[in-house]
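See structure below.
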Amino acid sequence: MRQSEKPTLLATVFTDYICPFCYVGDVRVDRLREIYELKVNWCFVEIHPETPAEGMATSLLGYPEQQWQRMMDNLETQAREEGIVFRPRQFTTNSRQALLLAEAAKDEGADIFYRLHRRLFVAYFTDGRNIGDPAVLRELAVETGVSGHTVKRAWTDERYAQRLELHLAAAQALGVRATPTIFFGERQRLDGALPYTAFLKAARAGLAAQQAVQG
């Protein structure tokens with residue numbers, strides 16, 4: 001299918017770079033580009049603002065041991081389906097600086113944003129780097145072509161903090177309680193990194209509703 005033949009599908013994705021299921025969801029959203037011309041509104045929400053930037057053990061997140069193990073088993077199954085390599089989940093960090101950087105990178109255009117976007121997931125979950133550390137984020141910015149000026153603006157320009165506040169307010173208004181939460185065609189909702197077949201079903205329903213509204 002040629003690019004021009006793909007139907008345009010709007011999507012809104014609530015996500016965070018320290019959420020492993022968001023990484024899976026990101027890969028599954030990306031697979032949909034084979035079928036659709038996706039126009040994605042990335043809404044970054046900080047899921048654990050209480051976590052220090054130097055990081056802490058995942059055991060301190062408060063999940064009961066059996067529940068945590070079930071989550072990790074489910075994650076491993078989904079990761080294998082998408083060819084994602086996860087390091088053992090023993091460390092978590094604060095994502096705010098990474099989210100601000102991603103917001104600022106949007107202003108440099110889609111190519112640079114998406115290079116940084118995926119690199120943040122890989123750096124954290126596969127390479128085991130602390131994306132709460134500004135020094136690490138500066139290195140990742142250089143790797144992905146984000147300008148030094150943009151890095152500085154990310155952490156000093158209030159516009160980007162205000163965007164995060166708007167994303168959080170939107171999430172609360174829509175009853176978003178987990179990440180990833182995805183809306184296709186503005187209304188068709190998908191909660192969590194469900195099987196790819198669920199993504200396909202939601203995308204088809206979202207496109208149908210979107211086209212009906214457009215007349």
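The values are calculated or read from the model by the stated rules, or taken from the named source; none is laboratory data. No experiment lies behind these values; they were computed from the predicted model shown. Counting neighbours? That spans all protein chains shown, and the Cβs are built from the backbone with ideal geometry, glycine included.
Filtered by the rule that a residue be among the hydrophobic types (A, V, I, L, M, F, W, C), exposed (fewer than 12 other Cβ atoms within 10 Å of the Cβ) and outside any helix (DSSP H, G or I), the stretch 54-73 gives a lone residue, Ala57. Regarding Phe21, is this residue touching a Ser or Thr at 6+ places or on another chain (Cβ under 8 Å), of a type in the set (Phe, Trp, Tyr) and within 24 Å of Gln188 (Cα to Cα)? Yes: the conditions hold for Phe21. Taken together, the criteria exclude Gln90 from residues that are within 19 Å of the chain's Cα centre (by Cα) and of a type in the set (S, T, N, Q). Taking the listed residues Gln214, Gln210, the one that is farther than 16 Å from Cys43 by Cα, modelled with pLDDT under 95 and in contact with a Ser or Thr (Cβ under 9 Å, 6 or more places away or on another chain) is Gln210, with no other qualifying. Of the residues making up the stretch 172-211, those that are over 24 Å from Glu37 (Cβ atoms) and buried (at least 18 other Cβ atoms within 10 Å of the Cβ) are Val176, Thr179.
Checked against (1) over 30 Å from Gln210 (Cβ atoms); (2) at pLDDT 90 or above; (3) loosely packed, with under 13 Cβ neighbours inside 10 Å; (4) not polar (S, T, N, Q), Glu34 passes all but condition (1). Filtered by the rule that a residue be in a helix (DSSP H, G or I), in contact with a Phe, Trp or Tyr (Cβ under 8 Å, 6 or more places away or on another chain) and under 22 Å from Asp26 (Cα atoms), the stretch 117-162 gives His117, Leu120, Phe121, Tyr124, Phe125.
Residues of the stretch 81-97 that are within 18 Å of Gly128 (Cα to Cα) and either among the aliphatic types (A, V, I, L, M) or assigned to a helix (DSSP H, G or I) (or both): Ile84, Val85, Arg96, Gln97. Exactly one residue among Thr51, Thr12 is of a type in the set (S, T, N, Q), touching a helix residue (DSSP H, G or I) at 6+ places or on another chain (Cβ under 9 Å), part of a loop (DSSP other than H, G, I, E, B) and surrounded by 15 or more Cβ atoms within 10 Å (Cβ to Cβ), and that residue is Thr51. Please verify whether Glu76 is assigned to a helix (DSSP H, G or I), among the acidic types (Asp, Glu) and either without any contact (Cβ under 8 Å) to a residue 40 or more places away in the chain or closer than 17 Å to Asp16 by Cβ (or both), treating the condition exactly as stated. Yes, satisfied. Checking each residue in the stretch 30-48 for being more than 18 Å from Tyr124 (Cβ to Cβ) and not in a strand (DSSP E or B) picks out Arg31, Leu32, Arg33, Glu34, Ile35, Tyr36. Taken as a whole, the condition of being in a loop (DSSP other than H, G, I, E, B), buried (at least 17 other Cβ atoms within 10 Å of the Cβ) and β-branched (Val, Ile, Thr) applies to Ile18. Filtering the stretch 98-116 to residues that are part of a helix (DSSP H, G or I), surrounded by fewer than 19 Cβ atoms within 10 Å (Cβ to Cβ) and of a type outside the set (D, E, K, R) leaves Ala110, Ile112, Tyr114. Checked against (1) surrounded by 14 or more Cβ atoms within 10 Å (Cβ to Cβ); (2) within 29 Å of Ala205 (Cα to Cα); (3) not aromatic (Phe, Trp, Tyr), Thr77 passes all but a single condition, namely (1).
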